[in-house]
Amino acid sequence: MQIVDKVLELSGFDELNPVQKKALDNGVLDHSMVIAAPTASGKTLSAEMAALNIIKKGKKVIYIVPLKALANEKYDEFKERYESLGMRIAISIGDLDSSDSWLANYDLIIVTSEKLDSMLRHGVQWLNDVGLVIVDEIHLIDSANRGPTLEVVLTRLRQEINPQILALSATISNHKELAEWLSAKPIRSDYRPTTLYKGIYYENKVNFIPKKDDLEFNNTDLTTLINNVLKKDKQSLVFLSTRRSAEAVAEELSRHTKENLEELSENVLNVLDKPTKQCEKLSRCIKKGIAFHHAGLTSKQRKMIENSFREGKLKVITATPTLSFGLNLPADVVVIRDLKRFSSVKGMDFLPILEIHQMMGRSGRPRYHSEGEAILMPKNDAEAHYAWDSYINGTPEDITSKLGVEPVLRVHVLALIASEVIKTKERLFEFFSKTFYGHQYKDLESLKQRIEKVLVMLEGFNFITTGSSEPFKPASMQIDELKATRIGKRVSELYIDPLTANQLIKNLQIAKEKKLTNFSLLHLLSNTIEMRPLLSIKRKDIEDINEFLNRYERDLIIRAPSEFNFEYDDFLRSIKTAWFFDDWCSESTEDALLDKFGVTPGELRARLDIADWLIYATQELALLSNHMDMIKHIRKTRLRLKYGIKEELLPLVKLRGIGRSRARKLFNSNQKNLNDLRRIPQKKLEDIIGIKTAYKIKEQLGDENKQKTL
């Protein structure tokens, strides 16, 4: 078959493996399918065959992934493989207030579920051109964070365009139930192209299944185990439960290697204008061939680590479990040291089997290895027995819908009404009966009650109306029409929780009575659901926070509750979070923020992204609520947050290539606005910020007398 041969050729394989052959024999080119197979079993290649087939018929393909990092990886991979065939490949993972109409010109569109949800809310004009939807890691529908959005998106797509759906999953127990929901064929396989030896490292020995020679040591110690891997010139991934553990173990392991990766070490160190202590620590570890990897690093640093590991430069990565989802990082050996994780509900509890299997699956990747080893490190007899029974010999848990909770429902109910997909209560209940939640639990009475409660809330916020469009009809003939108000539709498009939107609208009204300051606005943002978890408070912080609060209390729009109120601790956390943003806007360095607030550069960027989105939403809501007097101040605060600058630098950052550091250098050299920069001689400007940047500034300002000294 021509399509199959072409995919194999471009992928570098001679023939289909058992998973791919089974999928092809069962009609993967034309039928919806749930393919449940181990990590590295070649599931994606089956989807690629179906994608090529659909595109040849003139239809589009949507490829849904759970993480932005995975989206970028797939984009690079598909572009390299299929662009030569004329396939137009696009990635869209950013702006959540756009339908991205430009995507109409592309064949294969890679998105996160959140981005696709946002596009559906804005009305995707090219949706009817989609013939295939590929869902990577569909077992994450079980995730309380990401699952409900994916579930609603798939339900909407099936209702609106009914495309072919290919759902790719790790081995799960109830893949048939998932397939039944999607009207898809269930395909399951335990095939793995490389043999995975699963082992338990306990009492100085590693015992494996399938059986192979045991590893014996003088103790049961992680460093001893990894040193044994390093002696064989192999690579390993070490999974730990916390960022702190990942860093500490990387530092310990780096003391035992003889590597000297000077250039990579320098590159990682200098990602920021001024390296933080975390950057310095990472740089020292990387120099010795060891890296830690977690969300506290910048995206550039994480990318460098991932690429260097693939290239074989780095020998060990110590990581938190998030690294186990999707990214193709080839390791000879995976070690899982921590089998438990702290939960606010259960305390210290064992990790789910599916999550452990995901981590194990990182070991022994096709094209890189003929086999892999995944080794668990129980801390006592009880953990050792549990590990054998559950993680080595057990089967993964069923995945279940997480759609039925009120915070999730209010977001998606408003979206469905605002998008005019749903116009009556009857249709709303019918829609939810077609979700995975409805399929699993059948009896929707309790869900209906929660939806009714959400409708009352949304109407109370003035985001929807629930009256009949024909009020003069007899009561028996009335239809409860659901319609979004103008502001309700905008709230849905802005992709924020309706509760957050209502809170912002109410507080903007309160702010009319007093001056809206930079800090009061930052505090509004810090009180939203989207900003959680807020910065934690230690006992030593209380005095400093109260002192800070005394200085800024008159600026606050949200008043402090009583110290005896259970909400008071959350209030203090919101003050600390707003204080952190305020320090950033006052030009505190990344290192200073790490010392003072415990916020890493990676977390800083993540929180700034959330804050930027919230302040943009606040600006839009202020426009709709006719608070025109506040718009200028909100925009000013948004720019200060973006660049991390004091107000005096705002005129300078309007220029491309001028960030907080260069703007401060210019200001301190008495170049305070664009007119000053027009007047300053080229040579003097070069002395302040360098030849290239000086030239670019003069070029932007249209200086006809600039000297081209490049």
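Quick note: the coordinates plus some simple rules give every number you see, no bench work behind them. The model shown is predicted, which means the values in this text are computed figures rather than measured ones. Because the Cβ atoms are built from the backbone with ideal geometry, glycine has one as well, and the counts that use them run over all protein chains shown.
With q set to 0.21 Å⁻¹, the log10 of I(q)/I(0) for the range 352-392, from the Debye formula over equal scatterers at the Cα positions, is -0.70. Dipole magnitude for the range 406-493: about 180 debye, using +1 per Lys or Arg Cβ and -1 per Asp or Glu Cβ, origin at the Cα centre.
Under 25 Å of direct C-alpha separation, and excluding same-chain neighbours fewer than eight residues apart, LYS453 reaches these lysines: LYS402, LYS423, LYS425, LYS434, LYS442, LYS483, LYS489, LYS506. Set against the 2.2 N^0.38 Å expectation for a compact globular protein, the range 317-452 has a Cα radius of gyration ratio of 1.45.
Once the mean of 1/r is taken over each pair of separate Cα atoms and inverted, the range 509-642 shows a Kirkwood hydrodynamic radius of 15.3 Å. Dividing the Cα radius of gyration of the range 420-546 by its Kirkwood radius returns 1.11 for Rg/Rh. Placing pseudo-labels 7 Å out from each Cα toward the beta carbon at ASP95 and LYS512 gives an inter-label distance of 3.1 nm.
Taking the range 23-47 and a reference point 7 angstrom along Cα→Cβ of LYS56, the backbone N atoms nearer than 18 Å belong to 23-32, 45-47. Here the range 202-272 yields Rg over Rh of 1.05, to two decimals, using C-alpha coordinates and the Kirkwood radius.
Estimated from helices alone, the mean residue ellipticity of the chain at 222 nm is -14000 deg cm²/dmol (sum of -39500 (n - 2.57) over DSSP H runs with n ≥ 4, per residue). Backbone geometry of the range 489-505 corresponds, through the Karplus equation with coefficients 6.51, -1.76 and 1.60 at θ = phi - 60°, to 3J(HN,Hα) couplings of 4, 5, 4, 4, 5, 6, 6, 10, 5, x, 5, 4, 4, 4, 4, 5, 4 Hz, x marking Gly and Pro.
Treating each Cα of the range 83-198 as an identical point scatterer and ignoring solvent, apply the Debye formula and state log10 I(q)/I(0) at q = 0.11, 0.15 Å⁻¹. With no solvent term, the Cα-only Debye profile gives -0.43, -0.76. For the range 195-392, the percent of C-alpha pairs falling in each 5 Å distance bin, counted from 0 to the bin holding the largest distance, reads 1, 8, 17, 21, 20, 16, 10, 5, 2, 0, 0.
Scattering from the range 652-700 was approximated by placing one identical point on each alpha carbon and applying the Debye formula without solvent; log10 I(q)/I(0) at 0.13, 0.21, 0.22, 0.29 1/Å stands at -0.21, -0.60, -0.67, -1.32. For a modelled paramagnetic label at GLU311, 7 Å from Cα along Cα-to-Cβ, the residues of the range 218-241 in reach, with backbone nitrogen under 19 Å, are 234-236.
Over the chain, the pair-distance histogram of Cα-Cα distances with 20 Å bins from zero comes to 15, 44, 35, 6, 0 percent, rounded to whole numbers. One chain, two ends: GLU80 and GLU252. Fully extended at 0.36 nm per residue, the span grows by 58.1 nm beyond their Cα-Cα distance. Toward the positive end of the charge dipole of the range 339-380, with +1 on the Cβ of Lys and Arg and -1 on the Cβ of Asp and Glu, the farthest Cα among SER343, MET377, ILE356 is that of SER343. Taking each residue as 0.36 nm, the span from ARG539 to ASP398 lengthens on full extension beyond its C-alpha to C-alpha distance by 46.6 nm. Mean separation of Cα pairs under 8 Å and 6 or more residues apart, divided by the residue count, gives the chain a relative contact order of 11 percent.
Simple spin-label estimate for LEU701 and ASN670 gives 1.5 nm between the two label positions (7 Å along the Cα-to-Cβ direction from each Cα). Taking the square roots of 5 times each eigenvalue of the Cα gyration tensor of the range 9-81, largest first, gives ellipsoid semi-axes of 19, 16, 14 Å. The Rg/Rh ratio of the range 2-188, with Rg taken over Cα atoms and Rh as the Kirkwood radius over Cα pairs, comes to 0.93. Working ranking of peptides 21-27, 249-255 by packing, defined as the average number of other Cβ atoms within 10 Å per residue, highest first, is 249-255, 21-27.
With the simple spin-label model, which puts each label point 7 Å out from Cα in the Cβ direction, the GLU430 to TYR552 separation comes to 5.1 nm. Look at the dipole of the chain built from charges on Cβ: of PRO275, THR577, SER169, the Cα furthest out on the positive end belongs to PRO275. Put +1 on the Cβ of every Lys and Arg and -1 on every Asp and Glu Cβ in the chain; which of THR223, ASN72, ALA663 then has its Cα farthest towards the positive end of the dipole? Farthest towards the positive end: ALA663. Listed values for the range 411-421 are Karplus-derived 3J(HN,Hα) couplings in whole Hz (6.51 cos²θ - 1.76 cosθ + 1.60, θ = phi - 60°), namely 5, 7, 4, 4, 4, 5, 6, 5, 7, 6, 6, and x replaces Gly and Pro. Fully extending the segment from ASN260 to ASN204, taken as 0.36 nm per residue of separation minus the present Cα-Cα distance, adds 17.1 nm. Of all lysines in the structure, those lying under 18 Å Cα to Cα from LYS60, and not within fewer than 8 positions of it along the same chain, are LYS74, LYS79, LYS115. Taking Cβ atoms as reference points and 14 Å as the exclusive limit, the residues near GLY58 contribute a net charge of +3, counting Lys and Arg as +1 and Asp and Glu as -1. If R0 is 22 Å, the Cβ-Cβ spacing of THR195 and PHE217 corresponds to a FRET efficiency of close to 0.45.
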